[in-house]
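Data first, discussion second: the structure below is written as structure tokens.
The values are calculated or read from the model by the stated rules, or taken from the named source; none is laboratory data. Note that the coordinates shown come from a computational prediction; the quantities given were computed from them, not determined experimentally. A quick note on method: Cβ atoms are made from the backbone with ideal geometry, for glycine too, and the neighbour counts reach across all protein chains shown.
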Amino acid sequence: MKKQLTVALGLAVLATPVFASKARLQALGEDSYGSAYINDNRNIWLNAAQINNHKDLVTYEFGGNQTADSAGTARGEGGVYKAHGNFVYGAHFGGASNTANGMRAATGLTNADEDNNLDLFIGGDAGMKWGANLGYAKTADETSPLTAESMRTRLGVIMGDTQVYANINLINNAKGDNGAKFNGDLGYQVGAIHAWEGNTLFVDYRSFDAESEIGASKEDISLMQAEVGMGRVERLNDKTNLFAKASLFTAKVENDRTAGNTFGTAGCDASQLACEEYDTMRVPVVVGLETEATSWLTLRASVTQVVWGSEEDKNNERTIANSTAINAGATLKFGELSVDGVVGNGTGATNAVGENTATGNGTIRTDELMSRVSMTYRF
């Protein structure tokens, strides 16, 4: 009876739609678009060949039709992935890009975000696992100048202990209802992952460039990110895993439109893309833990901190402040059905290292005990 009551209370707090299996990665201090060293079905967005390892499932990420996907403003999406013979097929709905939408906003567009995204996946195993994805989204309104179109592809292979991937933006153009235009150039993300004596070594490089037009003015924006690091999953016992990762991360932004925007002005503190110039180099470290508390409940948590790092804009330089982030999450399991969520005490505030649920002075909120709620069914 006590167990049934606990489950009922868990379902009650999960009743409010928010978000998801992105929740597991966030709770372990990872990017919700995939991890280089933690096994999770979100990894298909990093390396399309991972669809071979995450098949015969349906997944739903609860949320609204949001522009920016975060713990506090979750965006709904979902998909199905099915094996047939030596192939795996998948269709995913609503998987918009935070990077594409962020760059459009940074160039002055309003209401021209990606919408109604459709992503198709295919993968196979012929001694080497391979995968490919094609994603497309288009929005047009004949009663206004609003248009938006994007197309991208993801390609990847898994060869024994080594993975290689390339994610490429083919089309990324938009026109906002304020008349501003956004013309994206060829953007890409490439990387490699290698398992070595229980560790995972990885390198990732991203480059995105675009041009905006507002009236007679034409301005450029560019974003570069690079990361190299190592992660490890240590099996402590038959129910508990310890996760650890350290990396060297660097990023550079140039945005002609935001002339004069430096730290403390026009949102430059909140978003790198809002700075006229931005450079950072940092060493983030993550330590996470995941344990099967019972047969129907898994708990997880992580701490992330930039142990060394600095950032600078056009005129200033400073160390990385307020970088410690605590995240926690849980999964309720009902046979082949699992419900994930981030356990938080705030509404998804953001700091220097990403989404952080530690915004409630150390108290757990009972009105919003879980966010980023997702449901996954394996068949």
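Out of all the residues in the range 296-306, is one or more crowded, with 17+ Cβ neighbours inside 10 Å, hydroxyl-bearing (Ser, Thr, Tyr) and touching a Leu at 6+ places or on another chain (Cβ under 7 Å)?
Within the range 296-306, one or more residues are crowded, with 17+ Cβ neighbours inside 10 Å, hydroxyl-bearing (Ser, Thr, Tyr) and touching a Leu at 6+ places or on another chain (Cβ under 7 Å).
Scanning for something among the acidic types (Asp, Glu), part of a strand (DSSP E or B), at pLDDT 90 or above and within 17 Å of the chain's Cα centre (by Cα), does the range 345-367 turn up at least one residue?
There is no residue in the range 345-367 that is among the acidic types (Asp, Glu), part of a strand (DSSP E or B), at pLDDT 90 or above and within 17 Å of the chain's Cα centre (by Cα).
Name, by its number, the condition in (1) under 19 Å from residue 87 (Cβ atoms); (2) among the charged types (D, E, K, R); (3) free of Cβ contacts under 8 Å to residues at least 24 places away in the same chain that does not hold for residue 125.
Checking residue 125 against (1) under 19 Å from residue 87 (Cβ atoms); (2) among the charged types (D, E, K, R); (3) free of Cβ contacts under 8 Å to residues at least 24 places away in the same chain, the one that fails is (3).
Please count how many residues of the range 132-174 are more than 20 Å from residue 94 (Cα to Cα) and part of a strand (DSSP E or B).
The total comes to 9.
Which of the residues that make up the range 1-49 are among the small types (Gly, Ala, Ser), modelled with pLDDT of 50 or more and crowded, with 22+ Cβ neighbours inside 10 Å?
Correct list: 21, 23, 27, 29, 32, 35, 36, 48, 49.
Using the structure shown, decide if residue 255 is of a type outside the set (A, V, I, L, M, F, W, C), farther than 19 Å from residue 372 by Cα and buried (at least 17 other Cβ atoms within 10 Å of the Cβ).
yes
Can you tell me which of 292, 254 is farther than 27 Å from residue 27 by Cα and of a type in the set (Asp, Glu)?
Among 292, 254, only 254 is farther than 27 Å from residue 27 by Cα and of a type in the set (Asp, Glu).
Run down 311, 336 and say which single residue is modelled with pLDDT of 95 or more and either of a type outside the set (Phe, Trp, Tyr) or touching a Leu at 6+ places or on another chain (Cβ under 8 Å) (or both).
Of 311, 336, the one residue that is modelled with pLDDT of 95 or more and either of a type outside the set (Phe, Trp, Tyr) or touching a Leu at 6+ places or on another chain (Cβ under 8 Å) (or both) is 311.
Among the residues of the range 281-328 satisfying the criterion of being of a type in the set (Asp, Glu) and touching a Lys or Arg at 6+ places or on another chain (Cβ under 9 Å), which is farthest from residue 266 (Cα to Cα)?
292
Residue by residue through the range 310-322, note down the ones that are under 28 Å from residue 343 (Cα atoms) and without any contact (Cβ under 8 Å) to a residue 40 or more places away in the chain.
Matches in the range 310-322: 321, 322.
Taking the condition closer than 30 Å to residue 196 by Cβ, β-branched (Val, Ile, Thr), at pLDDT 95 or above and under 21 Å from the mean Cα position of the chain (by Cα), does residue 287 pass?
Yes; evaluated as a whole, the condition is true for this residue.
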